[in-house]
Amino acid sequence: MAIKHKLQSSIYYILKHNKDGSYATQANRKKMLYACGNELVENGYKLQNIKSLKRKHIIFLVEQWKIRKLSIGTIKNRLANLRWLCEKLDKPNVIPTNDELNIGSREFITNKDKSIKLNHEQLNKITDEHIKLSLQLQYHFGLRREEALKIKPFISDKNDFLELQGSWCKNGRPRTIPIRTNEQKQILEQCKKLLQFKHLSMIPKNRSYKQHLKIYENQLKNAAIYHAHGLRHDYAQRRYFELTGKQCSAKCEEINIKNEIDKQARLKISEEMGHSRIQIVANYLGSNKKAKD
């Protein structure tokens, strides 16, 4: 058996017995770990089992990524998956810290408005009712795509808030989102009416997640809806306006808001969107540098 295949088999064994996180998280983790293993083998390392992973392998990979000028965010994402792997191997100290690897801070702030809105013309082109409602869940609750497909509306609806289970969410992180508007309540009722039974998700019973995701992608393409993640951006921006009475800097160059009000709004939005760090929401809202003390 070739070295590369043996190494992939050893990685697969770890993944098979540790299914942490959502479907997308697991798929991305597998793809990235395989790519790291292939890169090591292709550069002469005779690593046949991932259990033999050493500090020198990590340092080599990071140096290669720097040479290729990968973004800091990409490098940190890859290292996060490698750290996950090393924890499962009971080798948490194999990977140096980001400071030891001389990796700087991520740049989240772009001040570029990436939000999109749904219009009736686009929605009318969506012929699958499950997908049409999932799109509206993305818009009204700021859900990620996988969350909007896997959610079980009867179970999630707690009257005053929406409760998302960890198995539907990125990195397996559960969260709650306030139910504030009549539109949100109406969408949830439409979902329940479509599904009828409490245990069902927004994925039809006769489809797997993977099959439904493919149909979702084709339906959005036919409706000329591109970068649907922009619906999540729009949710964050609308929530910022609700919480502060001001437009965020991604929407408006001239902002006039006190720093503490801005900070509290960003913390709230970060929690609702399932992010562990407040800095990440700057990618949705823009910079807070113009906020005043």
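The values are calculated or read from the model by the stated rules, or taken from the named source; none is laboratory data. None of these values were measured; they are calculated from a predicted model. Quick reminder, even Gly has a Cβ in these numbers, built from the backbone with ideal geometry, and neighbours come from all protein chains shown.
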Any chance you could count how many residues in segment 198-244 are surrounded by fewer than 18 Cβ atoms within 10 Å (Cβ to Cβ), among the aliphatic types (A, V, I, L, M) and under 20 Å from ASP262 (Cβ atoms)?
1
Expected single match for under 24 Å from GLY166 (Cα atoms) and acidic (Asp, Glu) among GLU253, GLU242, GLU271 is GLU271
Taking the condition of being in a helix (DSSP H, G or I) and aliphatic (A, V, I, L, M), how many residues in segment 180-214 meet it?
5
Can you find, within segment 132-179, the residue that is nearest to the chain's Cα centre (by Cα) among those that are in a helix (DSSP H, G or I) and small (Gly, Ala, Ser)?
GLY172
Selected residue (only one of TYR235, TYR209 is out of contact with any Ser or Thr (no Cβ under 8 Å at 6 or more places or on another chain), more than 21 Å from GLU129 (Cα to Cα) and aromatic (Phe, Trp, Tyr)):
TYR235
Looking only at residues that are buried (at least 19 other Cβ atoms within 10 Å of the Cβ) and assigned to a loop (DSSP other than H, G, I, E, B) in segment 245-274, which one is modelled with the lowest pLDDT?
ILE255
Any chance ILE280 is more than 25 Å from LYS125 (Cβ to Cβ), among the β-branched types (Val, Ile, Thr) and in contact (Cβ under 8 Å) with a residue 60 or more places away in the chain:
yes
Where residues in segment 21-52 are loosely packed, with under 14 Cβ neighbours inside 10 Å and under 22 Å from LYS150 (Cβ atoms), which of them is nearest to the chain's Cα centre (by Cα)?
ALA27
Say we look at segment 110-159 and pick out the residues that are hydroxyl-bearing (Ser, Thr, Tyr) and closer than 29 Å to ALA250 by Cβ; which of these is surrounded by the most Cβ atoms within 10 Å (Cβ to Cβ)?
SER134
For segment 275-293, give me the residue count where each residue is modelled with pLDDT of 85 or more and among the acidic types (Asp, Glu).
0
Of ALA236, ALA224, which residue is in a loop (DSSP other than H, G, I, E, B) and of a type in the set (A, V, I, L, M)?
ALA224
From (1) modelled with pLDDT under 95; (2) at negative phi, pick out the condition that doesn't hold for LEU133.
(1)
